[in-house]
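The numbers here are math on the coordinates, done by the rules we state, and not lab data. Note that this is a predicted model, so its numbers are computed, not measured. Here the Cβ positions follow ideal geometry from the backbone for every residue, glycine too, while neighbour counts run over all protein chains shown.
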């Protein structure tokens, strides 16, 4: 007989129902006691790897082609969207992606990042490191190469490197196959033992093309997996030390409660970016009036707060495009032929901008970024060496910085770079926006 040492997880889109099915709400064990952070991490990983969704139209891009309309998929799509698209779980709710799936005119069908952003296709997606970082309760992803003890505190290499020592919450790291190549991380989510305590199987979950992958290996197969490609098994021994200042609870996103709930997707109208989502100021907002139940639409009403911005009579079905120069929280809602109101789509219009001190800075000296925001808080400056994707830094913006309108970047951030990508990331209750500029570093 086999006994499972961990039975935590969500299955399918109906995440709350799944939590009830295993006898415990999110964040709580079957006995009613709080989950360990390792158990929570498995739950959070499975929010993204067990969700089911079905494209309603052709044209949703993936590695080497397109997802098939009408076919059910499990796990969120793989796409390294960077500053151009949006990461599911960090930049947008899971329900925002699911709403976009239901809109045949949404960006997941109309936009293709292939050729524009390396290692990306779909506008919404996850990659291996954003998957593990989301599960491990970070406020922003750590790239795969910096998950381990050479880069972080509170983590060690597991000894022995075998299935018998594996534990849920452990991370498997695959180094680059060649210089400047890509690396990979996976998460151990389940260990199965026999009655005598021997590990018989290990389950590993990960984000990789085309969605997520869920693999239950025998102990022998797991050991073979570890022994190939110079992989290493890591164990986080102190989650707070490992995360440093990068804690999910310090931000509005990730929002595990919202992501683990079953959303009610609007059947009358949806936005080009789904629903519950922020837009940049003056960015086009495309409302697709679908009326999927053929109730008849009398008018489309757009509001900012309680103020009516526009009423469009008899819009019919199809896309209505508008842009907004006034920041605020908006709704788009239809009045139906019988006088009833449809479910409202919710979105925000925000300003997020920044100014660099010049086009170049001097190595070894601190420097400042000036911030401009409206209806959104600037939360993180993410800096990345343009020549080395693993040389990345997060500068967390404080309330004091926001009040001053600027943030200081430490001198050591640019120590090894000749050119840096500078992203400013902003956040409000609907999600995150990103803006990028580049700066040169001189000696």
| note | All conditions in (1) touching a residue at least 60 places away in the same chain (Cβ under 8 Å); (2) over 18 Å from the mean Cα position of the chain (by Cα); (3) in a loop (DSSP other than H, G, I, E, B) are true of residue 116 except (1)
| request: Go through the stretch 268-325 residue by residue and tally those that are more than 15 Å from residue 99 (Cβ to Cβ) and assigned to a loop (DSSP other than H, G, I, E, B). | output: 18
| Looking at the stretch 431-443, which of its residues are within 15 Å of residue 376 (Cα to Cα) and out of contact with any helix residue (DSSP H, G or I) (no Cβ under 8 Å at 6 or more places or on another chain)? | 432, 433, 434, 435
| Could we say that residue 103 is in contact with a strand residue (DSSP E or B) (Cβ under 7 Å, 6 or more places away or on another chain), in a loop (DSSP other than H, G, I, E, B) and under 22 Å from residue 258 (Cα atoms) here? | yes
| request: State yes or no: is residue 159 at negative phi, in contact (Cβ under 8 Å) with a residue 24 or more places away in the chain, surrounded by fewer than 16 Cβ atoms within 10 Å (Cβ to Cβ) and in a loop (DSSP other than H, G, I, E, B)? | output: no
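Quick grid of which residues meet (1) farther than 26 Å from residue 290 by Cβ; (2) in contact with a helix residue (DSSP H, G or I) (Cβ under 9 Å, 6 or more places away or on another chain); (3) free of Cβ contacts under 8 Å to residues at least 60 places away in the same chain:
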| position | (1), (2), (3) |
| --- | --- |
| 60 | no, yes, no |
| 100 | no, yes, no |
| 112 | no, no, yes |
| 125 | no, yes, yes |
| 145 | yes, yes, no |
| Limited to the stretch 334-357, what total is found for residues that are under 20 Å from residue 401 (Cβ atoms) and either outside any loop (DSSP other than H, G, I, E, B) or out of contact with any strand residue (DSSP E or B) (no Cβ under 7 Å at 6 or more places or on another chain) (or both)? | 6
